[in-house]
1. Quick test for you: out of TYR6, TYR14, pick the one residue that is out of contact with any strand residue (DSSP E or B) (no Cβ under 6 Å at 6 or more places or on another chain), part of a helix (DSSP H, G or I) and touching a residue at least 12 places away in the same chain (Cβ under 8 Å).
2. What do you reckon, is TYR274 surrounded by fewer than 24 Cβ atoms within 10 Å (Cβ to Cβ) and farther than 18 Å from ARG523 by Cα?
3. Which ones in region 259-290 are of a type outside the set (A, V, I, L, M, F, W, C) and part of a strand (DSSP E or B)?
4. For region 551-582, which positions are within 30 Å of PRO351 (Cα to Cα), part of a strand (DSSP E or B) and either touching a Lys or Arg at 6+ places or on another chain (Cβ under 6 Å) or not β-branched (Val, Ile, Thr) (or both)?
5. Within region 377-404, which residues are of a type in the set (Val, Ile, Thr) and crowded, with 24+ Cβ neighbours inside 10 Å?
6. Of these, GLY574, GLY553, which one is within 16 Å of the ligand (Cβ to nearest atom) and on the phi > 0 side of the Ramachandran plot?
7. Of the conditions (1) crowded, with 21+ Cβ neighbours inside 10 Å; (2) within 11 Å of the ligand (Cβ to nearest atom), PHE494 satisfies every one except a single condition; which number is it?
8. Hey, among the residues in region 291-335 that are in a helix (DSSP H, G or I) and among the small types (Gly, Ala, Ser), which one's nearest to VAL365 (Cα to Cα)?
Amino acid sequence: MKAYPYQISSLSEYQDAYQQSMENPAQFWAHIAEHFHWHKKWTPGAELNWNFSEPKVEWFKGAQLNITENLLDRHLADKAHHPALLWEPNAPDEAGRLLTYKKLYEKVCQFAHVLKNNGVQKGDRVCIYMGMIPELAIAVLACARIGAIHSVVFGGFSAQSIADRLYDAQATFIITCDGAYRGAKDIPLKSVIDDALIGNHVVEKVIVCTRTRTPVSMLKGRDLWWEDEMQRVEEMGLTDFPAEPMDAEDPLFILYTSGSTGKPKGVVHTVAGYLLYTHYTFVNVFQYQPGWVHFCTADIGWITGHSYIVYGPLSAGATSLLFEGVPTFPDAGRFWDIVDKYKVNILYTAPTAIRSLMGFGLGPVQGKNLSSLKVLGTVGEPINEEAWHWYDQHIGKGKCPIVDTWWQTETGGCLISNLAGITPAKPGWATLPMPGVKLLLVDENGKEVVAQGEETVSGNLCIAAPWPAILRTTYGDHQRCRTNYFAAYPDLYFTGDGALRDKDGNYRITGRVDDVLNVSGHRIGTAEVENAINMHAGVVESAVVGYPHEVKGQGIYAYVIYQGSHAQDTHGSGDLVRKDILQTVTRIIGAIAKPDKIQFVSGLPKTRSGKIMRRILRKIAEGETDQLGDTSTLLDPGVVDEIKRGRV
Ligand code: WTA
């Protein structure tokens, strides 16, 4: 039986849905939108308005709803006592938590009061910098309830990164924790926020939720304890908060992501389209069945956590599991313990996690009861066949379909994926587009690549029409949205990825074609890392490229011209200077952007017009020093030999 009228349950139903979505997208999505709770319906005929030249995309503009009523209130009738969130703490011996739909609803409403009491208004930007505890989901949803725009910043970013994001979003409010537990580490979140706020005159209040009870400074008039604020609301007996009616096209959140330029972009998603699309993809890709426990291992600080821990699963009334820790703490069997303990049905993780766990052998898997698993998923980077088969055999025991979901921060939800057990899987291939997603491959000149006969073709992956959760703008700079995504090829959204397409229409993502790296499934722009390295005193110039890394997918390789004090060290091992540079990158961006390798060089291969030839640097980093291609346009070909010799 179908759990939802729009749940696709056969290949031919998929084909029909796809065809309908192409013929009449407005009608296709309106049929699904009918199933949600609206304050005001859209005007028939005005479901969709778009052009990619500005770009402008409007789904159901003029209609009104609140996303949290669709995630919470509408489940209270039949799922009030059903678990909405399960929480597994970092340390396995600490008790977990269970929040029913009713409990979550009440907490969200109470925290919405807290926000309101402290002056947060519809449209205000609220930065959330917290560890993976239920209060993070509560904070996100309370913002949505009052119509404030949340901007979650992953707990691994540095004070400088937060400061840049606060400034860009002109955020007036911060929600954080004293600290966060991650594996063996305690991360002092509040103290990082304090550093980020030096010189900031825009942020009015900081709410601090207690987790690690690490000592924190609390400034009078600015810093407030979460618990005190909640207690005040509880004492007043408040458990409801009227949801703010939002226009379908009002912004829901901003999420910053790396691009090929130095500065992160604030990707903006809007209320209705994002709700529809995360819901539709959640129930279809994973073939979610009522009562199932869904475990997405991402952090809510990334888009995967937004869409498939919070919004998608709750929109479906599912039980979503939130895990505070890391896969290898206290040992590499942690995921399997969690699956066993909570009888997890859907496990959604990243290839990098699978590869790293594979490295520990089968010991940590043995003795764990994984028989509850029904569907496995991967996201964030291409999955190599070895990891795919290991996941299939040892985790799914050959019985669980694996969905390889391709998507991006900008796309809001999965765009290419098989539907679990419904459309065929092909290891290493994300396979078919979701209904509503009109893909095409183009060559460098923007000409569509069309297959001759049964050949597999390759090209740059583009999309020719809007699906509901396409980004609407980059916050505060619409031109940037245009130049980044819609200018490379006229009237197309360009993903930045290259892809293959086989004769059956399956897609395989080959990786980024721009200067963006994918390190452990996280996007990092090379320009951002270069900017950070160049801020280190003594660094004259740097160039950053990716190279294949067994666990991380891609590693970061930095070529650095260094003439500062201690320069003599770089003629020896250079290890101290390397560590200084890593420290600088950690300060400027965060530990996730630290280069894996740093090579000191005296010059970089440049063309006569001064452009760094990254192609050459990439080849050297990959170890393909004999196949550098044409180097005749180089200003000084001699520098290449030196770089080859000094490869680390
Ligand atoms: C890559 C993560 C291959 C891709 C949801 C994309 C993938 C970038 C896959 C977006 C996949 C994501 N197969 N590559 N299944 N999923 N990618 O914004 O390069 O953090 O452009 O969103 O990750 O990363 P982001």
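The values are calculated or read from the model by the stated rules, or taken from the named source; none is laboratory data. Remember, it's a predicted structure, so these values are computed and weren't measured experimentally. Backbone-built Cβ (ideal geometry, glycine too); neighbour counts: all protein chains shown.
1. Step by step, each of TYR6, TYR14 is checked, and only TYR14 is out of contact with any strand residue (DSSP E or B) (no Cβ under 6 Å at 6 or more places or on another chain), part of a helix (DSSP H, G or I) and touching a residue at least 12 places away in the same chain (Cβ under 8 Å).
2. no
3. If the condition is that a residue be of a type outside the set (A, V, I, L, M, F, W, C) and part of a strand (DSSP E or B), then LYS265, GLY266, HIS269, THR270 are the ones that fit.
4. GLY553, GLN554, GLY555, TYR557, ALA558, TYR559, listed by residue number.
5. Residues satisfying the conditions are THR378, VAL379, ILE383, VAL403.
6. GLY553
7. With (1) crowded, with 21+ Cβ neighbours inside 10 Å; (2) within 11 Å of the ligand (Cβ to nearest atom) applied to PHE494, the lone miss is (1).
8. GLY305
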